[in-house]
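Novice: One structure follows; several queries about it will come next.
The values are calculated or read from the model by the stated rules, or taken from the named source; none is laboratory data. The structure displayed is predicted, hence computed values, not measured ones. Every residue, glycine among them, receives a Cβ derived from its backbone with ideal geometry; neighbour counts consider all protein chains shown.
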Amino acid sequence: MKKVLVGALIACLTLGLATVAFAGTEISTSGAIEFTVSGTSDGASGLFGAGDVLIDYNVVATSGPWKAVVSPEFDIGGDDFCECDAYIDYEGEAFTLRLDPTGISNAVFDIYSYKADDELNMKGNPGIKLTIPMEGFSFYVVANNQDDGEGNTVFNFGGGVDFSMDSLSFGLKFNSDSVETSDFYGTSYGAKVGYSMGALSLTGEYGAWNPKEDTLEAGSGYFFKMVYTLAGGDSLTLQYKSSDENLNGLTSGPTDHAYSQIKGVYSHSLAENVTCSFEVASTDNGYDEESVTTWKAKLSISV
């Protein structure tokens, strides 16, 4: 973990120094601080036994068609003290090219696997992303690579299509992960549809994973979300996600049963740039016999 963090910081510093070389560079900054208190019904941390402070800061340097972004994130008291995203974009008239030395991947929307503790994805490694935008439509491809441990270079590929029309939006994604040690080894794909009508917005997603190992079975998952915006800007969110036994276990083999989680979130604006939210979730991770209820209170300050 320390080597990963050091590598990320070096990449961030390198990109940060590279922005100084931009002629006529315009620099903008933004950030957020989140204070979180959470608890769980299984008694592991008591009623409110876990606190967290997350600091996220963004520096964007723009010079003509070039843009460099450095975004360090500090999780005070968490397992990872520092993470950093950093990349360079070139925005041409017909395309955008992204170079990302800190690791680029292509999550299949919000489709989740408990085994990976992450969205269905391909392994994140340094790579590139090419996006071709058009009116109401965009297409992109992603590629990265790494050494397979035996002196050979293996490549991962991904792509996606996004389309919007009035209150409807559609999306498709596809990944091919060639890293045998990756949780996502194999191919994955998914579809997303969104609909908004005034204060109400709806989202539905489906994703599937096909392993390259003959001893494993394909898996799939779903995600649904409803957001209702109240007068004054407050919002109520209700979401549900699930994954079957095979997607839930990925390359480790199927879990005892499917994963499922239902979650509700209420968000309230206290002042300009200050928001508080309250979240309650019930989760069945696919291993334990009983579901676990968790709750979280968060105060977010944007700067």
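Novice: Taking region 119-172 as the search range and keeping residues that are among the β-branched types (V, I, T) and more than 14 Å from N106 (Cβ to Cβ), which one is modelled with the highest pLDDT?
Specialist: The initial filter retains those residues of region 119-172 that are among the β-branched types (V, I, T), namely 128, 131-132, 141-142, 153-154, 161.
Restricting the remaining residues to those that are more than 14 Å from N106 (Cβ to Cβ) gives 132, 153-154.
Details: I132: 97, T153: 88, V154: 91.
Filtering region 119-172 for residues that are among the β-branched types (V, I, T) and more than 14 Å from N106 (Cβ to Cβ), the one modelled with the highest pLDDT comes out as I132.
Novice: Please go through region 245-303 and pick out each residue that is under 25 Å from E73 (Cα atoms) and touching a residue at least 40 places away in the same chain (Cβ under 8 Å).
Specialist: Matches in region 245-303: T294, W295, K296, A297, K298, L299, S300, I301, S302, V303.
Novice: Out of the residues in region 207-217 that are over 17 Å from G158 (Cβ atoms), in contact (Cβ under 8 Å) with a residue 12 or more places away in the chain and charged (D, E, K, R), which is surrounded by the most Cβ atoms within 10 Å (Cβ to Cβ)?
Specialist: That would be E217.
Novice: Exactly one of (1) over 16 Å from the mean Cα position of the chain (by Cα); (2) touching a residue at least 12 places away in the same chain (Cβ under 8 Å) is unmet by M134. Its number?
Specialist: (2)
Novice: Sticking with this structure for a sec: Would you check if A107 is within 16 Å of the chain's Cα centre (by Cα), of a type in the set (G, A, S) and farther than 30 Å from S63 by Cα? Before you say what the answer is, go through the steps one by one.
Specialist: Numbers: within 16 Å of the chain's Cα centre (by Cα): yes; of a type in the set (G, A, S): yes; farther than 30 Å from S63 by Cα: no.
Here the answer is no, as A107 does not meet what is asked.
Novice: Quick one: V70 ticks every box in (1) buried (at least 21 other Cβ atoms within 10 Å of the Cβ); (2) modelled with pLDDT under 95; (3) not in a strand (DSSP E or B) except a single one, so which number is it?
Specialist: The failed condition is (3).
Novice: Within region 91-123, which residues are among the acidic types (D, E) and under 28 Å from H257 (Cα atoms)? Full working, then the answer.
Specialist: Residues of region 91-123 among the acidic types (D, E): 91, 93, 100, 110, 117-119.
D110, D117, D118, E119 - these are the residues of region 91-123 that are among the acidic types (D, E) and under 28 Å from H257 (Cα atoms).
Novice: Further question on the same structure: Restricting attention to region 281-303, and to residues there that are surrounded by 13 or more Cβ atoms within 10 Å (Cβ to Cβ) and of a type in the set (A, V, I, L, M), which single residue is nearest to E245 (Cα to Cα)?
Specialist: V292
Novice: Now for a different question. List the residue pairs whose Cβ atoms are under 9 Å apart, where the first residue sits in region 171-192 and is within 21 Å of F137 (Cβ to Cβ) and in contact (Cβ under 8 Å) with a residue 40 or more places away in the chain, the second is hydroxyl-bearing (S, T, Y) and not in a strand (DSSP E or B), and the two are 6 or more positions apart or on different chains.
Specialist: N175/S105
Novice: Tell me which of these D166 doesn't satisfy, since it passes every other one: (1) without any contact (Cβ under 8 Å) to a residue 12 or more places away in the chain; (2) closer than 22 Å to R98 by Cα; (3) charged (D, E, K, R).
Specialist: Every listed condition holds for D166 apart from (2).
Novice: Which condition number in (1) assigned to a strand (DSSP E or B); (2) out of contact with any Leu (no Cβ under 8 Å at 6 or more places or on another chain); (3) at pLDDT 95 or above is the one that E217 fails?
Specialist: Unmet for E217, out of (1) assigned to a strand (DSSP E or B); (2) out of contact with any Leu (no Cβ under 8 Å at 6 or more places or on another chain); (3) at pLDDT 95 or above: (1).
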